[in-house]
1. Within segment 207-223, work out how many residues are crowded, with 22+ Cβ neighbours inside 10 Å and among the acidic types (Asp, Glu).
2. With the condition being of a type in the set (Asp, Glu), under 19 Å from PRO20 (Cβ atoms) and modelled with pLDDT under 95, I'd like the strands (runs of 3 or more DSSP E) fully within segment 48-115 carrying at least 2 qualifying residues.
3. I'd like the residue in segment 119-139 that is in a loop (DSSP other than H, G, I, E, B) and more than 25 Å from GLN56 (Cβ to Cβ) and, out of all such residues, is most open to solvent (accessible area, probe 1.4 Å).
4. Restricting to segment 21-40, name every residue that is open to solvent by 40 Å² or more (accessible area, probe 1.4 Å) and either within 22 Å of ARG69 (Cα to Cα) or among the charged types (D, E, K, R) (or both).
5. Would you please list the contacts, defined by Cβ atoms under 6 Å and residues six or more apart or on different chains, that run from a residue in segment 240-257 that is farther than 23 Å from ASP160 by Cα and at pLDDT 90 or above to a residue that is part of a loop (DSSP other than H, G, I, E, B) and not hydroxyl-bearing (Ser, Thr, Tyr)?
6. Checking ALA50 against (1) closer than 27 Å to GLY134 by Cβ; (2) open to solvent by 10 Å² or more (accessible area, probe 1.4 Å): exactly one of these is not met. Which one?
7. Only one residue in ASP160, ASP116, ASP142 is free of Cβ contacts under 8 Å to residues at least 60 places away in the same chain, closer than 28 Å to PRO29 by Cα, out of contact with any strand residue (DSSP E or B) (no Cβ under 7 Å at 6 or more places or on another chain) and open to solvent by less than 10 Å² (accessible area, probe 1.4 Å). Which one?
8. Against the condition in a loop (DSSP other than H, G, I, E, B), out of contact with any His (no Cβ under 9 Å at 6 or more places or on another chain) and of a type in the set (S, T, N, Q), how does SER172 come out, does it pass?
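The values are calculated or read from the model by the stated rules, or taken from the named source; none is laboratory data. Note that this is a predicted model, so its numbers are computed, not measured. Glycine also receives a Cβ, built like all others from the backbone with ideal geometry; neighbour counts cover every protein chain displayed. Accessible surface is based on the protein model in full, side chains and every heavy atom, while ligands, DNA and RNA are left aside. Shrake-Rupley method; radii C 1.70, N 1.55, O 1.52, S 1.80 Å.
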Amino acid sequence: GFGPSAAEQLLAPSSVAVAPNGDIYATDPTRGRLMIFSADGAPKGILVSATLGVGQGQFIRPESIDIARNGDIFIADSRAKKVIVFNSAKEYVREYPVDQMARGVYQSDGKVYVLDVGKVIVFDLQGRRLSSFGTRGKLPGDIDAYQGIAARKGTIYIADSYNKRLQAFDESGTLLWANPQDARTVSATATANGAWDLPQDLTFNGRGQLVVADAFTFELVVVDPKTGERLDTFGEFGRNDGEFFYPTSVAYDEFRD
């Protein structure tokens, strides 16, 4: 945190993103703010709404975050039902209203992908709604996710948390693959033997592979984005440096690897 008192520390960080200058942003939704750290982890400041609320430029519960290559900051506010955008100088730019709850956000290739309850909404950078798809449920193609969304070259990847799987869609909502295919067939034995338990968030690494944070297996998993095949895992349970205690988010610093 930025000071010694409990109020100055992170309470329950849920999402992380890296700015082009190396700054690390962590959402702290319970306290309605974002904390900013330098690339080496030193506290740099906070980003808060002048007044907590749903009005223009305000936010209440910043749940998820992504940062563009130009430094624009995209914040998914689950309670205010919108994605709000600030520039690199922390100035308000625009916002994108959603239907029920803005849970996850990812910007790529001139578009903004928002994870709502059981659906994906696609916007352009000016805030125009381009398309949406999805239904909450357990069937192949259904979505029941928390915040994990990423996209590249028209393919949208979902960490389908509560269905214990990953899914990939095209922008029309056509299911490209699901791993596992049907969430209703996932057994406790399969989960114990290396399947997903609670995939929370995902991003791309420098090789173009997906990296997924699984909160309940306490690890990061490297995945082939073409097939959903698990390629590698790392991390273990614990509270020490380098260990995981229910990890909720993952980001990649493309400028410093």
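1. Total meeting the criteria: 1.
2. none
3. Ranking the candidates gives ARG136 first.
4. If the condition is that a residue be open to solvent by 40 Å² or more (accessible area, probe 1.4 Å) and either within 22 Å of ARG69 (Cα to Cα) or among the charged types (D, E, K, R) (or both), then ASN21, ILE24, ARG31, ALA39, ASP40 are the ones that fit.
5. Pairs that qualify, where the first residue is farther than 23 Å from ASP160 by Cα and at pLDDT 90 or above and the partner is part of a loop (DSSP other than H, G, I, E, B) and not hydroxyl-bearing (Ser, Thr, Tyr), are GLU243/GLU236; ASP257/GLY206.
6. Every condition holds for ALA50 apart from (1).
7. None of the other options fit; the residue is ASP116.
8. Here the answer is yes, as SER172 does meet what is asked.
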